[in-house]
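Bear in mind that the values in this text are calculations on the coordinates, not laboratory data. Computed from a predicted structure; not experimentally measured. Ideal geometry is used to build each Cβ from the backbone, glycine not excepted, and the neighbour counts take in all protein chains shown.
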Amino acid sequence: IVESSTLFFLSAASFLTGIGVREYGIRTGGVFFLASALVSFFVGPNKLYCMTCTLLSFYIYMREFLFDKIEEKGNYLRKRKLFLLIKWILFNVCYIPLLLFFPFLFSFGEKGKAWPWLVFMIGQFGFFVYDKAYDYFQSFVWERWRKHFPLK
C-alpha cells in the first residue's frame with residue numbers, strides 16, 4: 001500500500017516528465033522518461049514506489065504525445081472531448097492491469113466482491129484529480145517557475 005503523502009510526491013515527481021516533453025520535445029522527453037525510470041529501478045530501494053512513479057510518468061509522457069497528435073486535428077470542442085476520452089482510456093490501460101494482476105497492492109483482503117469495484121471507482125476519481133492537478137501545475141506553477149530555471 002502506498003501512503004497518500006508518498007503518492008503525492010510520486011505524482012509531483014512524474015510531472016517532471018511533462019516538463020521535459022514541453023521544454024525539449026517528444027524525443028528528448030522520452031529519453032528523460034526512460035532514463036528516470038531506469039535510474040529509479042536501479043537505485044531506488046522500494047520497487048513499488050519506482051513502479052508507481054514510472055506508471056505516472058508514462059501516463060504524462062503519453063498524454064503529452066497524444067496532445068501533440070490531436071492538436072493538429074478538427075475543431076476545438078471535438079479535440080477536447082477526444083483528448084479527454086483518450087486520456088481516460090490511457091489511464092485505464094495502466095490502472096486495470098494493476099487491479100487484475102496485483103490486487104494485493106490495494107489490499108482487497110476479506111472485503112468481498114464489491115471491494116474491487118469500489119477501488120476501481122476511487123481510481124477513476126483519482127485519475128480526474130491527478131489529471132487536473134497536472135493541468136494546473138503546467139498552466140500556473142511551471143509557467144511562474146520556468147523563468148528561474150534556465151533550461152535552454
* In nanometres, what is the gap between the two model label sites at residue 92 and residue 70, each 7 Å from Cα along Cα-to-Cβ? -> 1.5
* Asked: Suppose R0 equals 35 Å; then what is the FRET efficiency for residue 105 and residue 42 from their Cβ-Cβ distance, rounded to the nearest 0.05?
  -> 0.95
* Structure fact -> The farthest towards the positive end of the charge dipole of the stretch 4-148, of the residues 51, 70, 94, given +1 on Cβ of Lys and Arg and -1 on Cβ of Asp and Glu, is 70
* Asked: Which value, in debye to the nearest 20, describes the size of the charge dipole of the stretch 4-148 about its Cα centre when Lys and Arg Cβ atoms bear +1, Asp and Glu Cβ atoms bear -1, and nothing else is charged?
  -> 300
* Can you pull the percent of Cα pairs in the chain with separation above 19 Å? -> 58
* Taking 0.36 nm per intervening residue step and subtracting the Cα-Cα distance, what contour gain separates residue 136 from residue 85 on full extension? -> 16.4 nm
* Give a quick list of GluC sites (Glu not before Pro) in the stretch 26-107 that DSSP marks as loop, anything other than H, G, I, E or B, with at most 14 other Cβ atoms within 10 Å. => 72
* 60, 122 arranged by Cβ crowding within 10 Å, fewest neighbours leading -> 122, 60
* How high is the relative contact order of the stretch 4-148, in percent, counting Cα pairs under 8 Å that sit 6 or more residues apart? -> 21
* Mind sorting 63, 22, 144 by how few other Cβ atoms lie within 10 Å of their own Cβ, fewest first? => 144, 22, 63
* Structure fact -> For residue 145 and residue 8, extending 7 Å from Cα along the Cα-Cβ vector and measuring point to point gives, in nm, a value of 1.5
* To do: Please list 11-21, 27-37 highest first by mean number of surrounding beta-carbon atoms within 10 Å per residue.
  => 11-21, 27-37
* Structure fact -> With label points set 7 Å from each Cα along the Cα-to-Cβ direction at residue 34 and residue 121, the distance between them in nm comes to 4.2
* **Among 10, 40, 139 the positive-end extreme of the charge dipole of the chain (Cβ point charges)** => 139
